[in-house]
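The values are calculated or read from the model by the stated rules, or taken from the named source; none is laboratory data. Quick caveat, the model's predicted, so the values are computed rather than measured. Note: ideal-geometry Cβ built from the backbone for every residue, glycine included; neighbour counts use all protein chains shown. In case anyone asks, the SASA skips ligands and DNA or RNA and just uses the protein heavy atoms, side chains included. Shrake-Rupley method; radii C 1.70, N 1.55, O 1.52, S 1.80 Å.
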Amino acid sequence: MKPYAEMTKEELKELRKHLVAQYREMQGKDLRLDMSRGKPSLDQLDLSMGMMDVLSSEDDLTCEDGTDCRNYGVLDGIKEAKELIADMMEVNPDNVIIYGNSSLNVMYDAIARSYTNGVMGNTPWGKLDKVKFLCPVPGYDRHFAICEYFGMEMINVPMLPTGPDMDMVEDLVSKDPAIKGIWCVPKYSNPQGISYSDETVRRFARLKPAAPDFRIYWDNAYGVHHLYDHDQDHLVEILAECKRAGNPDLVYKFSSTSKISFPGSGIASFAASPNNLEDVMSQLRIQTIGHDKVNQLRHVRFFKNIHGIVEHMRKHAEILRPKFEAVDSILEKELGGLGIATWTKPKGGYFISFDSMEGCAKEIVARCKKAGVVMTNAGATYPYGKDPHDTNIRIAPTYPPLSDLILATELLALCTKLVTIDKLLAEMNGGTHVPEEHHEEV
């Protein structure tokens, strides 16, 4: 089929009749599918069930250094857990703090601490007239929600195939001391699946921010989440690069096992320079006597070492790879060559980023929902939920069974066709609305 933009009004009208019939057939299937969040599937969760058996009432819950994991203490995490997670984060164990179950919680704490007490002796953000944050877009909605909660001004930074637009980042941070940070998902980014290029990472490490308390919030949520054994993205390690550039305090690095073991019952981690760690520890000493060391020990006994994590993630990939490939295959079959949508083909992570024609995304998501498939809200990948072009939709292929995912992707493609035709017909009629004869109830 030729591109929609090359079709006549009559051809588009005729095509629309067939698509409406297909849509009504989809509605008749009474679908109840949810693709709104990037959750592991039940099969993925089952991979970690052995973790429930590695500790029992008969086991010795003492660490190698004599720490009793049942009791208070060890504020920054047990030695074995720090070594395991440090290998996963590609940093020195001395640069790591093991937290509780959620890296998002650690990021929230970092922002809250900056507002109440400041960063390494600088003025608390809560006493400043304005605080700004750079937000690569499309990006992670929960990052943006933290900024919105604290009343920050968010500045959109376009994502390029190599990562955030570094010309823009360098220019902004060098001129404006109100800019205090930037969110980064540097490997298999949410939602595009982009991994930052070596040059991008090195430019980050060499930033010259006007604010002495500026920090890069490096959320490496998908550091080991590859889809393929041999075709993998690799990332320059940011802490070492910052140290090499003479900016050791510039970055906060976050990670967790949430999509490795059990979401909500994993372990989160934070890595930074010694100066940053001491700044954080000054809060932790007040905030807690220590995190869940039994859970830390459970993870160590289950995975044993980084090789155990790598092998475990291969099992995850075997479950996820067919799903990502199915989405790409269906979109290519249904939308390829029509000139009405583009989408990413990531080598890892949890999402596919889908871009419709301008002004169509919200309506596509609404029509999917009306036929029984819930997608992430259009606009969610932008600060304040406002996509200025109304184009981006985040596809989360991980949770549904493959058969459901296939149906949902077919519906997404169908709704994309319908909404695009309505837009093109409206433009042909010189307005923004579909002519009355095309208002079939779909």
Taking the stretch 327-347 and the residues there that are within 21 Å of Lys259 (Cβ to Cβ) and open to solvent by less than 20 Å² (accessible area, probe 1.4 Å), the one that is nearest to the chain's Cα centre (by Cα) would be Pro346
Matching residues in the stretch 150-167 (open to solvent by 20 Å² or more (accessible area, probe 1.4 Å) and more than 30 Å from Val224 (Cβ to Cβ)) number 5
(message) Tell me whether the stretch 338-347 contains one or more residues that are touching a residue at least 12 places away in the same chain (Cβ under 8 Å), part of a strand (DSSP E or B) and not β-branched (Val, Ile, Thr).
(response) yes
Check your understanding: Does the stretch 67-74 contain any residue that is at pLDDT 95 or above, buried (at least 21 other Cβ atoms within 10 Å of the Cβ) and not hydroxyl-bearing (Ser, Thr, Tyr)?
Key -> yes
> For the stretch 426-441, does any single residue satisfy the condition of being modelled with pLDDT of 95 or more and open to solvent by less than 30 Å² (accessible area, probe 1.4 Å)?
Replying inline: yes
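Results for (1) surrounded by fewer than 17 Cβ atoms within 10 Å (Cβ to Cβ); (2) small (Gly, Ala, Ser); (3) modelled with pLDDT of 95 or more; (4) more than 24 Å from Asn92 (Cα to Cα), shown as yes or no for each residue.
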site	(1), (2), (3), (4)
Val185	no, no, yes, no
Tyr188	no, no, yes, no
Pro191	no, no, yes, yes
Ser197	no, yes, yes, no
Ala211	no, yes, yes, yes
Trp218	no, no, yes, no
Leu235	no, no, yes, no
Ala245	yes, yes, yes, no
Of Lys259, Lys253, the only residue that is buried (at least 17 other Cβ atoms within 10 Å of the Cβ), charged (D, E, K, R), touching a strand residue (DSSP E or B) at 6+ places or on another chain (Cβ under 6 Å) and in contact (Cβ under 8 Å) with a residue 12 or more places away in the chain is Lys253
Residue pairs within 8 Å by beta carbon, gap of at least six or interchain, first lying in the stretch 348-365 and open to solvent by 10 Å² or more (accessible area, probe 1.4 Å), second part of a helix (DSSP H, G or I) and charged (D, E, K, R), listed first then second, are Met357/Lys423; Gly359/Lys423; Glu363/Asp422
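Per-residue answers, yes or no, for (1) in contact with a helix residue (DSSP H, G or I) (Cβ under 9 Å, 6 or more places away or on another chain); (2) under 19 Å from Asn220 (Cα atoms); (3) not basic (Lys, Arg):
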residue: Phe144; (1), (2), (3): yes, yes, yes
residue: Met159; (1), (2), (3): no, yes, yes
residue: Thr162; (1), (2), (3): yes, yes, yes
residue: Ala178; (1), (2), (3): no, no, yes
residue: Gly181; (1), (2), (3): yes, yes, yes
| Quick check, is Gly139 within 28 Å of Val310 (Cα to Cα), touching a Phe, Trp or Tyr at 6+ places or on another chain (Cβ under 7 Å) and either in contact (Cβ under 8 Å) with a residue 12 or more places away in the chain or open to solvent by 70 Å² or more (accessible area, probe 1.4 Å) (or both)? | yes
Residue hits (the stretch 273-320; of a type in the set (Val, Ile, Thr) and open to solvent by 80 Å² or more (accessible area, probe 1.4 Å)) are Ile286, Ile289
Those residues of the stretch 366-389 which are open to solvent by less than 30 Å² (accessible area, probe 1.4 Å) and over 16 Å from the mean Cα position of the chain (by Cα) amount to Arg367, Cys368, Ala371, Gly372, Val373, Asp387
Review point. Within the bounds of the stretch 115-137, is there any residue that is farther than 25 Å from Ile286 by Cβ, within 14 Å of the chain's Cα centre (by Cα) and not aliphatic (A, V, I, L, M)?
Key: yes
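Let's see how each residue does on (1) part of a helix (DSSP H, G or I); (2) touching a Phe, Trp or Tyr at 6+ places or on another chain (Cβ under 8 Å); (3) open to solvent by 20 Å² or more (accessible area, probe 1.4 Å); (4) touching a residue at least 40 places away in the same chain (Cβ under 8 Å):
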{"site": "Met51", "(1), (2), (3), (4)": "yes, yes, no, yes"}
{"site": "Ser57", "(1), (2), (3), (4)": "no, no, yes, no"}
{"site": "Asp65", "(1), (2), (3), (4)": "no, no, yes, no"}
{"site": "Asp76", "(1), (2), (3), (4)": "no, no, yes, yes"}
{"site": "Ala81", "(1), (2), (3), (4)": "yes, no, no, yes"}
{"site": "Ile85", "(1), (2), (3), (4)": "yes, no, no, yes"}
**Request:** Report yes if Val201 is touching a residue at least 12 places away in the same chain (Cβ under 8 Å), open to solvent by less than 10 Å² (accessible area, probe 1.4 Å) and of a type in the set (Val, Ile, Thr), otherwise no.
**Result:** yes
